[in-house]
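Encoded as structure tokens, the structure appears first; notes follow it.
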Ligand SMILES: NC(=O)C1=CN([C@@H]2O[C@H](COP(=O)(O)OP(=O)(O)OC[C@H]3O[C@@H](n4cnc5c(N)ncnc54)[C@H](OP(=O)(O)O)[C@@H]3O)[C@@H](O)[C@H]2O)C=CC1
Ligand SMILES: CC(=O)N[C@@H](CCC(=O)OP(=O)(O)O)C(=O)O
């Protein structure tokens, strides 16, 4: 039996990525609206209610509107927007978050796909907080750079189209300077920490890819874990994941943002200096892969009981 899947927002940056991953599959029947009807609310309502699964790749308000249009209780939803990531009744779609998360996603009706930034943060810190190596009230700092497709069609135009409003010529732009980024609530909630992290995001002149980091002064943590303990804890947490891997850090002196661009992988490395007790935890992945489209396909596979890695670039 095939699962009928409707992508609302299939012409957008994230929607196109998901479409590409699903198009060739024989276990999925993909429903799409033609270009001239893709914002027609009558046709959208029909498609939203006539599918087994809908994947929403829309701005927050349009995602809320789409959910409100769903009347058929059999329809199950994956939402890629920020609208429901801390919402009641929604399951957070990061299978690697907790040992129980894949089952929770598999059984859920409403799944919120994680934000691209929270994906890296939670992958780096959640096992360390869970195991008590980082206290839940530790003032965590999270920094990194994203490819500009992370801002969707509007930011792609900003970086690529000289005629676009606010055309950007710079190679690297820091933002979120008011320290109130829209992803803070989900990082706070799902890391199960006392306060949101200090978050220092930037966007780089590369289309896709992310490199994000958490620095830890191991010597100042109550349990003074070694670099090896940190790395072993993370490796143990992801030992069964086909998507998240802890890679060896020795023999590497440089890491590039493009490392996992074009894939659905997320790689973690634990760098640092054992003598000074300073650690630099790093994640590389793709804002459109594990940060969005790949994560949505991973969640769909779990929810539909399909091969967990089908359609993923690993
Ligand atoms: N880009 C990324 O790396 C990530 C994106 N996301 C999230 O995914 C969602 C989609 O983002 P992204 O693909 O980047 O954005 P885009 O702007 O590239 O695409 C959004 C799409 O939604 C369409 N749309 C807007 N309003 C409606 C409506 N009322 N009915 C039907 N279609 C509508 C747009 O139409 P039109 O083409 O006419 O503008 C566009 O095609 C957002 O919520 C974003 O936060 C999450 C993680 C990462
Ligand atoms: C580079 C860039 O601007 N990235 C966006 C985040 C990507 C996004 O909007 O997606 P989600 O919120 O759904 O994850 C930002 O920081 O606002």
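May I have the pair-distance distribution P(r) for the chain, computed from all Cα-Cα distances with 20 Å bins from 0 and rounded to whole percent?
All Cα pairs considered, the percentages come to 33, 57, 10, 0.
Just to confirm the number: angle between the C-alpha axis of helix 60-69 and the first principal axis of the chain, 0 to 90 degrees, nearest 10?
Relative to the chain, helix 60-69 is tipped by roughly 50 degrees.
Where the Cα atoms of the range 198-267 are projected onto their three principal axes, how long is each span, largest first, in whole Å?
40, 30, 25 Å, listed from the longest principal axis down.
Would you mind listing how long the range 256-314 runs along its three principal axes, going by Cα atoms, in whole Å with the largest first?
Between the extreme Cα coordinates on each principal axis of the range 256-314 lie 48, 22, 14 Å.
If I model the range 12-129 as equal point scatterers sitting on the Cα atoms and use the Debye formula, what is log10 I(q)/I(0) at q = 0.12, 0.16, 0.23 Å⁻¹?
-0.47, -0.82, -1.52
Round to the nearest 10 and give me the degree value, 0 to 90, for the angle of helix 294-304's Cα axis relative to the longest principal axis of the chain.
Helix 294-304 sits roughly 60 degrees off the main axis of the chain.
When the helices in the chain are scored as -39500 (n - 2.57) per DSSP H run of 4 or longer and the sum is shared across all residues, what 222 nm value do you end up with, to the nearest 500 deg cm²/dmol?
Values: 9 runs with 91 residues, N = 314.
That calculation yields -8500 deg cm²/dmol at 222 nm.
In degrees between 0 and 90, to the nearest 10, how far off the longest principal axis of the chain does helix 116-130 point, with axes built from Cα atoms?
Approximately 50 degrees, to the nearest 10.
Give me the mean projected area, in nm² to one decimal, of the convex hull enclosing the Cα positions of the range 56-109.
3.9 nm²
Hey, could you grab the Kirkwood Rh for the range 116-287? Inverse mean 1/r over distinct alpha carbon pairs, Å, one decimal.
16.7 Å
Where a ≥ b ≥ c are the square roots of the eigenvalues of the C-alpha gyration tensor, would you call the range 181-226 rounded, which needs a/c under 1.5, or, failing that, prolate if a/b is larger than b/c, or oblate?
Taking the square roots of the gyration eigenvalues as a ≥ b ≥ c, the range 181-226 is oblate.
For the chain, what relative contact order do you get, as a whole percent, if you take Cα pairs closer than 8 Å and at least 6 residues apart?
Working: 663 pairs, mean separation 58.6, N = 314.
Relative contact order for the chain comes out at 19 percent.
Laboratory data are not the source of any read-out in this text; all were calculated from the coordinates shown. Every value quoted in this text rests on a predicted model; they were computed, and no experiment measured them.
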